[in-house]
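Structure, as structure tokens:
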Amino acid sequence: MTKKIIIILIVLSVISGNAFAQYEDEIRAKNNLTVSLGFVGAALSYERIFNSHFSVLADISYTTLALIDEFTVSGKGRVYPFGGSYYLEMGLGYSYGRGAVDMMRHMVLGLLTLGWYFTILEEEDLLARRGGFLIQPGMGWKIDIGKPDGFVLPISMGLDFKSGKILDVMPYVRIGLGYSF
């Protein structure tokens with residue numbers, strides 16, 4: 001019984017390898033343009049695809065959560081570890097705005113001191129936007145909709161770490177629509 005199962009598995013793996021190998025031989029799209037919207041932000045990106053495992057992209061995004069907002073410009077490298085739709089990415093760039101850690105620091109100090117902290121704080125310190133060097137680790141999926149190399153559904157999530165006077169962090173989750181050409 002186990003011999004039959006092993007033989008069936010080998011035959012199925014050979015058949016599935018041959019069935020999906022046709023996409024390797026075809027000329028694949030080398031460019032992707034994507035517009036993504038998040039619950040509280042938007043992004044525009046251009047991706048240059050070198051092979052099925054590596055690409056680079058330029059990304060512009062804006063994220064906002066009431067008093068927290070951030071505008072970022074970055075260059076990213078993407079690695080598709082399995083050669084499919086799942087990817088890991090790392091980006092470097094510039095960020096400008098008020099991040100979550102800075103705003104939360106002010107809110108917690110205000111609560112702990114029962115509001116006294118806000119009386120000694122300058123208004124420009126509380127609402128100040130700061131710029132800084134950006135590090136963007138992330139992950140996501142770029143799923144083909146319909147035929148390969150046409151419309152794609154990108155889903156991404158990650159963190160924006162901004163250096164500067166205060167290390168600041170801003171999370172993001174985005175879903176969008178892109179086109180590969």
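The values are calculated or read from the model by the stated rules, or taken from the named source; none is laboratory data. What you are looking at is a predicted structure, and each value in this text was computed from that prediction instead of being measured. Using ideal geometry, Cβ is built from the backbone for each residue, glycine included, and neighbour counts are taken over all protein chains shown. Remember, those area values only see protein heavy atoms, side chains included, never the ligands or the DNA or RNA. Shrake-Rupley method; radii C 1.70, N 1.55, O 1.52, S 1.80 Å.
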Requested in this report: Enumerate the pairs (first residue in the range 39-60 and assigned to a loop (DSSP other than H, G, I, E, B); second residue anywhere and of a type in the set (Lys, Arg) and open to solvent by 30 Å² or more (accessible area, probe 1.4 Å)) with beta-carbon separation below 9 Å, excluding pairs fewer than 6 apart on the same chain, so at least 6 apart or on different chains.
Outcome: Ser52/Arg28
Query raised in the report: If you scan the range 32-71, which residues turn out to be over 16 Å from Leu177 (Cβ atoms), touching a Gly at 6+ places or on another chain (Cβ under 7 Å) and either modelled with pLDDT of 95 or more or open to solvent by 40 Å² or more (accessible area, probe 1.4 Å) (or both)?
Result: Ser52, His53, Val56, Ala58, Tyr62, Thr64, Phe71
Query - Any pair with Cβ under 6 angstrom, 6 or more apart, that starts in the range 141-165 at a residue that is at pLDDT 90 or above and ends at one that is open to solvent by 60 Å² or more (accessible area, probe 1.4 Å) and not in a strand (DSSP E or B) - result: Phe151/Ile145; Leu153/Ile145
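State which residue is modelled with the highest pLDDT when the search covers only the range 166-181 and only residues that are assigned to a loop (DSSP other than H, G, I, E, B) and among the aliphatic types (A, V, I, L, M). Walk me through it before giving the result.
Within the range 166-181, the first condition is being assigned to a loop (DSSP other than H, G, I, E, B), and the residues that meet it are 166-167, 181.
Right, trim to among the aliphatic types (A, V, I, L, M) and you get 166-167.
Details: Ile166: 76, Leu167: 82.
Here the residue is Leu167.
Residues being open to solvent by 40 Å² or more (accessible area, probe 1.4 Å), in contact with a Phe, Trp or Tyr (Cβ under 8 Å, 6 or more places away or on another chain) and under 18 Å from Val35 (Cβ atoms): count how many of those fall in the range 161-181.
The initial filter retains those residues of the range 161-181 that are open to solvent by 40 Å² or more (accessible area, probe 1.4 Å), namely 161, 163-167, 171, 173, 175, 177, 179, 181.
Narrowing the set further to residues that are in contact with a Phe, Trp or Tyr (Cβ under 8 Å, 6 or more places away or on another chain) leaves 163-164, 167, 173, 177, 179.
With under 18 Å from Val35 (Cβ atoms) added as a condition, the list becomes 173, 177, 179.
So the answer is 3.
Just wondering, is there one or more residues in the range 98-108 that are part of a strand (DSSP E or B) and either in contact with a Gly (Cβ under 6 Å, 6 or more places away or on another chain) or within 13 Å of Arg129 (Cβ to Cβ) (or both)? Walk me through it before giving the result.
Within the range 98-108, the first condition is being part of a strand (DSSP E or B), and the residues that meet it are 98.
With either in contact with a Gly (Cβ under 6 Å, 6 or more places away or on another chain) or within 13 Å of Arg129 (Cβ to Cβ) (or both) added as a condition, the list becomes 98.
Yes - at least one qualifying residue is present in the range 98-108.
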Query raised in the report: Is it true that Ser85 is open to solvent by less than 50 Å² (accessible area, probe 1.4 Å) and at pLDDT 85 or above?
Result: yes
Query raised in the report: outside any strand (DSSP E or B) and hydrophobic (A, V, I, L, M, F, W, C), is that true of Met90?
Result: no
Requested in this report: Among residues belonging to the range 137-160 that are in contact with a Leu (Cβ under 7 Å, 6 or more places away or on another chain) and of a type outside the set (A, V, I, L, M), point out the one that is surrounded by the most Cβ atoms within 10 Å (Cβ to Cβ).
Outcome: Asp160
Query raised in the report: Do the conditions hold for Arg48, that is, is it at negative phi, among the basic types (Lys, Arg) and under 17 Å from the mean Cα position of the chain (by Cα)?
Result: yes
